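Asks: There's a structure below that I have some questions on.
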Amino acid sequence: MDISLPGEGGARARYHLVGQPVQPAIGAPFSRIAYAAAHVVADPLEMTDPWSKPAVDWDKTMAFRHHLWRLGFSIAEAMDTSQRGMGFDWSNAKELIRRSIAEARTVEGADLASGAGTDHLPPATARTIDDVISAYEDQFGFIEGQGGKTIMMASRALAAVAKGPDDYISVYDRILSQTSGKVILHWLGDMFDPALKGYWGSDDFDAALDTVVAIIERHASKVDGIKISLLDAGKEIALRNRLPDGVVMFTGDDFNYPELIAGDGERHSHALLGIFDAIAPVANAALVKLADGDRAGYDALMAPTVPLSRKIFEAPTEYYKAGIVFMAWLNGHQEHFSMVGGMQSARGIRHYADVFRLADQAGLLADPELAVARMKSLCAVAGV
């Protein structure tokens, strides 16, 4: 099967599909905790003002979560993959969290944790650390009131008002001392969100690392783990090696996840990844191989997903969600390629053509004929 795709310099080139769709192993256990950060499905027919009034297709959004649960994944809900802070506001996130927690109760063994942040507090209006604490308390209170588990997301408002590490310590001490259950922390780098530059009170990684470790050590009984998203395996390993017993590392490194999950024989990372949304069938098959002790089989399946992930998460990384939703559309999980806030326009047609090629080579086009038809329609709109 061939398709004409745009290439370098705008030239068109015939591409011959080579991949065979990888079949997941339904019901087989993993030896790693694997959270997929799931996207939301927009409703283009209801979007009268796409930039400022998001409309969500709740049925399709919940159906995608059932797809991930069926493949054995836990779900990290209402995170940046669902466009928190980029078109998807707290009022919609509350409805997403409420619905997802209710859906999880209908699925035996389903696991879900939801993002608690401060995004209903605009950074420009935050004046004090107490403002940030109050905003976190609002979101923690809602999630815990629904009976949910929490992921403490990084705060733009805290980054805006904090004067140094002590302010971060004050906020995290207050929230972690109050939470009713264990929390997953999230260290999100500024490549994902430029407003988070200097998080933890320093631009120096070693200084920030010391601050994070001190917070975790003081609250080890309340911290389930920490997700680090810096796209730097060495930095993740440095933090992983300093975590106290009982606190786990969740890799958020969408560039280097296969080796971090596999580990070095002594330590390994679990996972909380946006890319799992797009590569779930292959990641499922690979994680089953790893659980069976077949490292070579795991590597063989995971390796082709890395060029795809690196393309989806290429700079400007904050727009990676477009590639995630593009993959869902190619694979028939939604009938349109529209996103909250019109975010599909954040990437160009050559980017999507590259994602298409790499998805095929990784065995991630579940129905190649459907994917080709949809890619042709997108190319046509772009004048290709």
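Asks: Return the residue satisfying two criteria in turn: it lies in the stretch 312-345 and is β-branched (Val, Ile, Thr) and over 21 Å from residue 70 (Cα atoms), and of such residues it is surrounded by the fewest Cβ atoms within 10 Å (Cβ to Cβ). Before you say what the answer is, go through the steps one by one.
Replies: Filtering the stretch 312-345 for residues β-branched (Val, Ile, Thr) gives 312, 317, 324-325, 340.
With over 21 Å from residue 70 (Cα atoms) added as a condition, the list becomes 312, 317, 340.
Working: 312: 28, 317: 18, 340: 27.
Among those that are β-branched (Val, Ile, Thr) and over 21 Å from residue 70 (Cα atoms), it is 317.
Asks: Let me ask something else. Determine whether residue 266 is open to solvent by 10 Å² or more (accessible area, probe 1.4 Å) and either among the acidic types (Asp, Glu) or touching a Pro at 6+ places or on another chain (Cβ under 7 Å) (or both).
Replies: Spelling it out, residue 266 is indeed open to solvent by 10 Å² or more (accessible area, probe 1.4 Å) and either among the acidic types (Asp, Glu) or touching a Pro at 6+ places or on another chain (Cβ under 7 Å) (or both).
Asks: Another one. Of all residues in the stretch 306-346, which are in a loop (DSSP other than H, G, I, E, B) and on the phi > 0 side of the Ramachandran plot?
Replies: If the condition is that a residue be in a loop (DSSP other than H, G, I, E, B) and on the phi > 0 side of the Ramachandran plot, then 332 is the only one that fits.
Asks: Moving to a separate point now. For the stretch 103-134: of the residues being of a type outside the set (Lys, Arg) and exposed (fewer than 13 other Cβ atoms within 10 Å of the Cβ), which is nearest to residue 174 (Cα to Cα)?
Replies: Among residues in the stretch 103-134 that are of a type outside the set (Lys, Arg) and exposed (fewer than 13 other Cβ atoms within 10 Å of the Cβ), the one nearest to residue 174 (Cα to Cα) is 128.
Asks: Kindly indicate which of 261, 279, 226 is crowded, with 22+ Cβ neighbours inside 10 Å, in a strand (DSSP E or B) and either of a type in the set (Asp, Glu) or touching a helix residue (DSSP H, G or I) at 6+ places or on another chain (Cβ under 9 Å) (or both).
Replies: Details: 261 fails: in a strand (DSSP E or B); 279 fails: in a strand (DSSP E or B).
Going through 261, 279, 226 in turn, the sole match is 226.
Asks: Scan (1) of a type outside the set (A, V, I, L, M, F, W, C); (2) more than 25 Å from residue 336 (Cα to Cα); (3) open to solvent by less than 40 Å² (accessible area, probe 1.4 Å); (4) at pLDDT below 95 for the single condition residue 6 breaks and write down its number.
Replies: (2)
Asks: Let me ask something else. Looking at the stretch 159-207, which of its residues are among the hydroxyl-bearing types (Ser, Thr, Tyr) and open to solvent by less than 20 Å² (accessible area, probe 1.4 Å)?
Replies: Within the stretch 159-207, 168, 172, 179, 199 qualify.
Asks: Taking the conditions exactly as written (under 25 Å from the mean Cα position of the chain (by Cα), open to solvent by less than 30 Å² (accessible area, probe 1.4 Å) and hydroxyl-bearing (Ser, Thr, Tyr)), does residue 155 satisfy them or not?
Replies: Details: under 25 Å from the mean Cα position of the chain (by Cα): yes; open to solvent by less than 30 Å² (accessible area, probe 1.4 Å): yes; hydroxyl-bearing (Ser, Thr, Tyr): yes.
Criteria met by residue 155.
Asks: Criterion first (exposed (fewer than 15 other Cβ atoms within 10 Å of the Cβ), part of a helix (DSSP H, G or I), at pLDDT 95 or above and among the aliphatic types (A, V, I, L, M)) does residue 238 satisfy it?
Replies: no
Asks: Just name the residue that is surrounded by the most Cβ atoms within 10 Å (Cβ to Cβ) out of those in the stretch 35-87 that are among the hydroxyl-bearing types (Ser, Thr, Tyr) and not in a helix (DSSP H, G or I). Don't jump to the end; show me each part of the working.
Replies: From the stretch 35-87, those among the hydroxyl-bearing types (Ser, Thr, Tyr) are 35, 48, 52, 61, 74, 81-82; that's our starting set.
Filter again for not in a helix (DSSP H, G or I), leaving 35, 48, 52, 74.
On the way: 35: 27, 48: 8, 52: 9, 74: 23.
Across the stretch 35-87, the extreme among qualifying residues is 35.
The values are calculated or read from the model by the stated rules, or taken from the named source; none is laboratory data. In this text the structure is predicted, and so the values were computed from the model without any measurement. Glycine also receives a Cβ, built like all others from the backbone with ideal geometry; neighbour counts cover every protein chain displayed. Calculation scope for accessible area: heavy atoms of the full protein, side chains included, ligands and nucleic acids excluded. Shrake-Rupley method; radii C 1.70, N 1.55, O 1.52, S 1.80 Å.
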